[in-house]
1. With a ≥ b ≥ c taken as the square roots of the eigenvalues of the C-alpha gyration tensor of region 94-243, please select rounded if a/c is under 1.5 and otherwise prolate if a/b is larger than b/c or oblate if it is not?
2. Report, for region 3-267, the % of DSSP beta bridges that are antiparallel, rounded to 5.
3. Over region 60-139, what is the mean sequence separation of C-alpha contacts under 8 Å (at least six apart), divided by residue count, expressed as relative contact order in percent?
4. Using only alpha carbon pairs under 8 Å that are at least six residues apart, calculate the relative contact order of the chain and give it in whole percent.
5. Once phi is turned into θ = phi - 60°, what whole-Hz ³J(HN,Hα) does the Karplus curve with 6.51, -1.76 and 1.60 give for every residue of region 125-137, x standing for Gly and Pro?
6. Starting from the Cα gyration tensor of region 3-53, take the square roots of the eigenvalues, sort them a ≥ b ≥ c, and report rounded, prolate or oblate (rounded when a/c is under 1.5, otherwise prolate if a/b is larger than b/c, else oblate).
7. Under the rule a/c < 1.5 gives rounded, and otherwise a/b versus b/c splits prolate from oblate, where does region 68-108 land using the Cα gyration tensor?
8. Work out how far the C-alpha atoms of the chain reach from end to end along every principal axis, then list the three figures in whole Å, largest first.
Amino acid sequence: MNDTKALLRLLTPYTVPGLRMERWGPTTDGGYVLPADIMKQCSVLLTGGVGDNLWFEADVAAKVPNMRMALFDHTIAAAPTHIPAAATWHSLGLSGTARAGFATLRRACDLAGLTTTDTLVLKLDIESAEWEVLAASVDEILKRTSILIIEYHDLSLRDRWKEFRLVLEKVNAYLLPIHVHGNNYSSITNISRYSAPVPDVIEVTYINRNLIQSVGGQLPTVWDHDAPTLLDKPNKEGAEDYRFNYWSDLPKRRRQRLWQQLKRLFSRK
């Protein structure tokens, strides 16, 4: 399979029957659609990339008061004034390697005080550094992540598609994409021979594959609708949200293979 088809396959969103989705955070940039009931059962939120916007974390603190938070961002001098009381601020960036001013994902988990009994929500908006951070991360972190909320950047850079594919394969081994949304601050491009438009920057929410059966026990299915959904809001206020549906352009045979892969996963549980 070529890298183009692989990217489309690995970013294909699924509907999980019984999974209740909500939008948390602001109605503009910084808000995300996520599985609400599972989110409320998690104990630690690790956020990479904050800037001046902590309204998502503030909403989490209001809805899940017992959730501990560890926030990482090296690009600002101090945490925003609306930082939740349950959050710990680290003036560090996230990186694939340990170096001055940066922490690896494993080190960030240690700083967050993550224990073997904690359930982790990982949220990353780190301006293209997500690729090296995830590439270098140990599988154990992804394996124990209940929810991953991530913004992937630079999907239009064809010379990096092989690198992106390897990272997405690593992520998808443990996590299933359940929501996608295009960031309309970015561009949108056709990346395949099917002329499927894909945003250069795309927000993806994942759920740990081991949690799927606990929701309703039914097999997930590929989205049968376009993005955005009714829960989504444009990142850039006043600009039209990106509408796209690259998963509908996947050949029928490929869609059937994806379904069979999920079926085999369920049969092993």
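Since every read-out is calculated from the coordinates, none of them should be taken as a lab result. Values in this document were obtained by computation on a predicted structure and should not be read as measured data. Glycine also receives a Cβ, built like all others from the backbone with ideal geometry; neighbour counts cover every protein chain displayed.
1. oblate
2. 55
3. Numbers: 90 pairs, mean separation 20.6, N = 80.
Worked out over region 60-139, it gives 26 percent.
4. Rounded, it is 22 percent for the chain.
5. 9, 10, 6, 5, 6, 4, 5, 6, 5, 6, 4, 8, 6
6. Details: a/c = 1.93, a/b = 1.27, b/c = 1.52.
Cα axes put region 3-53 in the oblate bin.
7. Oblate.
8. The principal-axis extents, from largest down, are 49, 40, 36 Å.
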